[in-house]
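Chemist: The following block contains the structure, expressed as structure tokens.
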There are 2 protein chains.
Amino acid sequence: MFDFRQLRYFVTVAEELSFTRAAQRLYISQPPLSQQIQSLENDLGVRLLERNKRNVSLTEPGKLFLDQARQILDKAEEARALMADAATGFSGKLRLAYTVSVTFHPALPQMLLRYRRFAPQVNLMLSEMYTEQQYAALLSGDLDVGFVRDEPEHPGTARNIRLDVIDREPLVLALPTNHPLAARESIWLREVAMEAFVVQPRELAATLYDRLAQIAAKANFHPLIRQHAQQINGLLVLVAAGMGLALVPASMRSVNLNGVKYLRLEDPDAYMLLALASRADDTSPVLQRFLNVMTEPE
Amino acid sequence: MFDFRQLRYFVTVAEELSFTRAAQRLYISQPPLSQQIQSLENDLGVRLLERNKRNVSLTEPGKLFLDQARQILDKAEEARALMADAATGFSGKLRLAYTVSVTFHPALPQMLLRYRRFAPQVNLMLSEMYTEQQYAALLSGDLDVGFVRDEPEHPGTARNIRLDVIDREPLVLALPTNHPLAARESIWLREVAMEAFVVQPRELAATLYDRLAQIAAKANFHPLIRQHAQQINGLLVLVAAGMGLALVPASMRSVNLNGVKYLRLEDPDAYMLLALASRADDTSPVLQRFLNVMTEPE
DNA sequence: ACTACTTATACGAAATACGTATTAAAGCCC
DNA sequence: GGGCTTTAATACGTATTTCGTATAAGTAGT
């Protein structure tokens, strides 16, 4: 089988129409060049160059092969360039997930836009998933990175998940506008200790569930859970309907639902982290590049 | 720069997902396979395969490169196949010319058709040329092969022209229907020794011109030339107009011009050869194959 | 006819690839 | 859990390939 070297040699000779000049351009001596061309012709079973001791010209098959050789070399160079991009995380694909609550975070669209400008060749595949679903998908290899609301100290189920915190967001209390405390600006959670709460199931959003329990525990009460909703915006509907109060990230304020008021919480632990979850052993350049871009300040 | 071998090795490992099995399929031992893959990864600057001492898997860049490598190998194989065709004269291009008189030969279309069925990948470029024009074009490299009416003994101008005779055709005498001898079936040229003749200029069709002179000389007369025509069918128009008689190949009988009658010539030298002209030093497989097909009996 | 130039051949040296032997590490089996 | 098997990586000597120097052979121009 012929060789990339032989192709390069042949193209050079075909361009120069001289073995001597081609050898100079290739920084080799003339005899090995003759040998390689002979070997190539031998291998193909066709005479590519007509040499009559004085000048060199392309045979008809040689013209055909020159075209082919150039195409092959170009394709190889293209593949090399693609790999150079892949090595630095500028090409490839990235399967990205996010929880519903993240879609209300104002920074998400602009961060994704920034990344796209940075690495436009990366094929982004977005999907919406619950936090626990993301962890499972990461570990099974169906997902590369996910936006979650979790803490590095207790990452959901598995220990093979890496979390990079990219934002710390206050929690707010969502309550019906006809609630006695609705006129207030801020509140301590203990002031609504006797009220009912609506939450997401712990299996789907453990962190927010546990955070409510934790703040309540510090205030020496155990929250009464009356209703559940699968999605976080479903909670707000339940709040508007007067089914209870809800603890949600501050970015949910952007959801202007009739009958819902948001109060700042004074409790020091009333915050939530926005983090990027990925497999701890995933060294993919695309992922590393993505994490870099997302965690860098500007 | 990486190598075709390394690409083949990589593709095999990627297919088997095992260095050991891949090495067996490639009929080499496992260590050099590991070395070549390492060298390839080193060259590209990317880890293509993830090996964790128990199983091998493709990295994301590896998946991209597998696709690229397959494309490159396919392209190389394609080029090799094209050259195999070119070597046996089944692909390439062939610039072919013919004189006007040849277009009336009944065998020409069917021979070209046969060749096209035989080597459909060859790009045929046809053009009409005078015999001498063909010789000049052959020598200057503008033409590959031409249909001419000439004799191997005196091929026009140059000695670097090869002639392959493919047909020997009788000459006939074209004369006006109102001519006294028009009722005859055959004739000796000496019977019209005193008549005027119309011919093509000697610079354009030397053979036919010289042949007339030769037959006349054997009959001890020198033909009187009254008119000239550039093309052979132009001669027939002149004959119909009563401007003189003409000597033409028998295949011109297919031209049923009003006022023209064709008589068989009894003279033993009244024949003409149809031949293929090509450069004697042209070893192009396409040409050789064409000459073979044209000169073979069937 | 001689010189200058170009490609092909001969042969020894350097670089490269391969194979055998061995190591290291991980999963499997008892 | 310890030994066994399997798998990829490393070490090193050998074989192959490729390269360079020297030389030959042939052509065009002076």
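The values are calculated or read from the model by the stated rules, or taken from the named source; none is laboratory data. Not measured: the values here are computed from a predicted model. Heads up, the Cβs are rebuilt from the backbone with ideal geometry, glycines too, and the neighbour counts pull from every protein chain shown. Surface areas here come from the heavy atoms of the whole protein model, side chains and all, with no ligands, DNA or RNA. Shrake-Rupley method; radii C 1.70, N 1.55, O 1.52, S 1.80 Å.
Chemist: With a 1.4 Å probe, how much accessible area is buried between chains A and B, both sides summed, in Å² to the nearest hundred?
Modeler: When A and B are taken together, about 3000 Å² of accessible area is lost.
Chemist: Calculate what fraction, in whole %, of the accessible area of region A:36-114 sits on carbon and sulfur atoms when a 1.4 Å probe is rolled over the protein chains.
Modeler: 51
Chemist: With a sphere of radius 12 Å drawn around the Cβ of residue A:239, what net charge do the other residues whose Cβ falls strictly inside it have (Lys, Arg +1; Asp, Glu -1)?
Modeler: Around residue A:239, the charge tally is +1.
Chemist: Let me ask you something else. Considering only the protein assembly as shown, what is the antiparallel percent among its DSSP beta bridges, to the nearest 5?
Modeler: 60
Chemist: Farthest toward the dipole's positive end in chain B, which of B:213, B:104, B:193, given Cβ charges of +1 (Lys, Arg) and -1 (Asp, Glu) about the Cα centre?
Modeler: The residue sitting most towards the positive pole is B:104.
Chemist: Keeping every protein chain present and rolling a 1.4 Å probe, give me the accessible area per residue for the protein assembly as shown in Å².
Modeler: Dividing the accessible area of the protein assembly as shown by its residue count gives 48 Å².
Chemist: Follow-up. By its C-alpha gyration tensor, with a ≥ b ≥ c as the square roots of the eigenvalues, how is region B:4-87 shaped: rounded for a/c under 1.5, else prolate for a/b larger than b/c, else oblate?
Modeler: Cα axes put region B:4-87 in the prolate bin.
Chemist: Then there's this: Averaged across the residues of B:36-45, what count of C-beta atoms belonging to other chains lies within 10 Å of each residue's C-beta?
Modeler: Rounded to a whole number, the mean comes out at 2.
Chemist: Ordered by packing density, taken as the mean number of other Cβ atoms within 10 Å over each peptide's residues, highest first, how do A:103-113, B:207-217 rank?
Modeler: Result, highest mean Cβ count within 10 Å first: B:207-217, A:103-113.
Chemist: Using a label point 7 angstrom from Cα along Cα-to-C-beta, what distances in nm, from shortest up, separate residue B:219 from the other copies?
Modeler: The answer, with the shortest distance listed first, is 13.1 nm.
Chemist: As an exercise, find the ratio Rg/Rh for region A:146-219 from alpha-carbon atoms, using the Kirkwood inverse-distance average for Rh.
Modeler: 1.02
Chemist: Could you check what % of the DSSP bridge pairs in chain B are antiparallel, to the nearest 5?
Modeler: Taking every DSSP beta bridge with both residues in chain B, the antiparallel ones total about 60 percent.
Chemist: Sticking with the crude label model, points 7 Å out along Cα→Cβ, report the distance from residue A:110 to residue B:165 in nm, one decimal please.
Modeler: 9.3
Chemist: Kindly provide the pair-distance distribution of the protein assembly as shown built from C-alpha pairs, with 10 Å bins from 0 and whole-percent values in order of increasing distance.
Modeler: Taking every Cα pair in the protein assembly as shown, the percentages come to 3, 13, 14, 12, 10, 9, 9, 8, 8, 6, 5, 3, 1, 0, 0.
Chemist: At residue A:202, label 7 Å along Cα→Cβ: distances to the other copies, nm, ascending?
Modeler: When each copy's label point is compared with this one, the spacings are 11.7 nm.
Chemist: Okay, next question. Using a 1.4 Å probe on protein heavy atoms, which residues of region A:69-116 have at least 20 Å² less accessible area in the complex than alone?
Modeler: A:71, A:72, A:75, A:76, A:79, A:80, A:82, A:83, A:86, A:87, A:92, A:93
Chemist: In whole Å, how far is the Cα centre of region B:78-107 from that of region B:163-179?
Modeler: Region B:78-107 and region B:163-179 have Cα centres separated by 28 Å.
Chemist: What value does chain A have for Rg/Rh, both radii from Cα atoms and Rh as Kirkwood defines it?
Modeler: 1.34
Chemist: Further, regarding this structure: Hey, for residue A:110 with labels 7 Å out along Cα-Cβ, what do the inter-copy distances come to in nm, ordered shortest first?
Modeler: 8.4
Chemist: In addition: So if I place +1 on the C-beta of Lys and Arg and -1 on the C-beta of Asp and Glu, and nothing else carries charge, what would the dipole magnitude of region A:4-87 be about its Cα centre? I want it in debye, nearest 20.
Modeler: For region A:4-87, the charge dipole is close to 380 debye.
Chemist: Which FRET efficiency, nearest 0.05, do residue B:51 and residue A:88 yield, Cβ-Cβ r, R0 25 Å?
Modeler: 0.65
Chemist: Jot down the radius of gyration and Dmax of region A:165-298, Cα atoms only, both in angstrom.
Modeler: Cα radius of gyration and Dmax of region A:165-298 are 16.7, 54 Å respectively.
Chemist: If you average the sequence gap of Cα pairs under 8 Å that are 6 or more apart and divide by the length of chain A, what percent do you get for the contact order?
Modeler: 22
Chemist: At what distance in angstrom do the alpha carbon centres of region B:246-298 and region B:32-63 lie from each other?
Modeler: Each part reduced to its Cα centre gives a spacing of 66 Å.
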